[in-house]
Every structure is written in structure tokens, then in C-alpha cells.
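This report concerns only the one structure given below.
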Amino acid sequence: MDRRLAKSVRFVSLDVDGVLTDGSIWVGADSPLSAPRELRRFHALDGLAIRMMQRAGLVIGFLSGKRSAAVRLRARELDIAEVSLGSREGKLSALRGMLARCGCTWDQAAHLGDDLTDLAVMERVGLPAAVVGAVPEVRAGATWVGTVPGGEGAVREFAEALLVARGEWDGLVAEFREGGRFAG
């Protein structure tokens, strides 16, 4: 990852389905008359990676085209205030609002995505990134493409590449060697 580009990032936007999760959505109900429940599986490696990026001073946002109580809960667990789930205006408009609230420009933003709904955002941010399983159009527009599938630690892989390029990874790892701990 380009060091200059990585150092300019202040905001990291993460798609959810296919990035933070493997893209599976489990829907079920206790009975035919009960309300459906939706479950998502998140990887612990990604949670710690998000905490490490936050520790490095980066603002993290979740950006999804689908509403989900499970995703909202995960965002709360990770102290992520910038969350847009199922915005009618679309991801581009939602991210524009997030950046404005955080005082960041498009050039100071990174986005990790995987599908066509991420294209407009990726064409605007300073650091467009894709997981290994991203569709060809998204991979073609990405400055960085990972090797780990979504939901299997893809955010961790991206976070490590970003923090290494910024020169912050070793210092964060040293905190763990000294007995430090991040919640997440």
C-alpha cells in the first residue's frame, strides 16, 4: 500500500455484507406467526482490527445498503457512531454526510467494498480497497485488493496493510506485548 496515500486517510468506511461478513444472511422465525429474525456472523479478527484503527486515530464507519439490527448491535459493541444501514439516498450520499460530520474530505477517506453498490463510493474516496471476493468491476477500481475473503478477517488484513503503511502497526502491536488490551 502506498505510504503517502495511507497517511492521508482519516476515515475508513466498511461495507458490511461480503466485507465484515461472508455475505450470508440467516433469516428464521420461532413459528410461522412470529416476527422473522436475522443473524449475521462477524469475525473477531475484524473487531480487533477496527479497535486498532480507532486507537490510531481513524474514524470508522459502517456503510450498508441493508438495514440490520445485528449490524447496528455490532457497531454499538465497537463504539462506531457513523453507521448508515439501508439509506434511501444510497451509499454515496450517506458517506458524504459521515465525512461532513467528521470534518473529512473524500481524499481522506478509504472504503473497503466488494459489490456493485460500492462502485460510486470507491470512485470518490482517496483509497478504494476491495476484498478478494469482490466483483471484477470493484477489484478493477481498487487501489488495494486483499487476499482474505469477507467475513474471514478481510478487515483485519486491510487494517494491517493500512497501519503498516502509516508506520503505526508495530507500535500498536507493542502495546499487546506490554500487556495492553483493546476491547473488541
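For Val12, the amide hydrogen comes within under 5 Å of the amide hydrogens of Val59, Ile60, Gly61, Ala110, counting only partners 5 or more places away or on other chains and with H modelled in the peptide plane. Once ligands and nucleic acids are excluded and a 1.4 Å probe is used, how much of Ile60 is accessible, expressed in Å² to the nearest 10? Solvent-accessible area, nearest 10 Å²: 10 Å². Under a model in which nothing but the beta-carbon of Lys, Arg (+1) and Asp, Glu (-1) is charged, the chain shows a dipole of about 480 debye around its Cα centre. Rounded to the nearest 10 degrees, what's the angle between the helix 91-102 long axis and the longest principal axis of the chain, both from Cα atoms, 0 to 90? Around 50 degrees separate the two axes. Charge tally for Val16 (other residues, Cβ to Cβ under 15 Å; Lys, Arg +1; Asp, Glu -1): -3.
For segment 49-55, putting each phi into the Karplus relation 6.51 cos²θ - 1.76 cosθ + 1.60 with θ = phi - 60° gives couplings of 4, 4, 4, 5, 5, 4, 4 Hz, in residue order, rounded to whole numbers and with x for Gly and Pro.
Here the contact order of segment 117-184, divided by its residue count and restricted to Cα pairs under 8 Å and six or more residues apart, works out to 20 percent. Of the options (i) 16.1, 56; (ii) 19.2, 64; (iii) 22.1, 71, only one is Rg and Dmax of the Cα atoms in Å as computed from these coordinates, and that is (i). Across Phe62, Phe42, the residue with the most accessible area heads the list, and the full order at a 1.4 Å probe is Phe42, Phe62. With angles folded into 0 to 90 degrees, how steeply does helix 154-166 sit against the dominant principal axis of the chain? Use alpha carbons for both and round to 10. Result, in degrees: 20.
Counting Lys and Arg as +1 and Asp and Glu as -1, what is the net charge of the other residues whose Cβ lies under 9 Å from the Cβ of Val27? Kindly include the intermediate steps, with their values, before the conclusion.
Numbers: positive: Arg37; negative: Glu38.
Result for the neighbourhood of Val27: 0.
Explain nothing, just the number: relative contact order of the chain, from Cα pairs under 8 Å at least 6 residues apart, as a whole percent. It rounds to 29 percent for the chain.
Exposure check, 1.4 Å probe, all protein chains in place: Ser34 carries approximately 40 Å² of accessible surface.
What accessible area per residue, rounded to a whole number of Å², is obtained for the chain using a probe radius of 1.4 Å?
Details: 8970 Å² over 184 residues.
Accessible surface, normalised per residue, equals 49 Å².
The values are calculated or read from the model by the stated rules, or taken from the named source; none is laboratory data. Everything numeric here is computed off the predicted structure, so don't read it as measured data. As a convention, Cβ positions derive from the backbone with ideal geometry for all residues, glycine included, and neighbour counts pool all protein chains shown. For the accessible areas, the whole protein counts, side chains as well, though only heavy atoms, and no ligand, DNA or RNA atoms are used. Shrake-Rupley method; radii C 1.70, N 1.55, O 1.52, S 1.80 Å.
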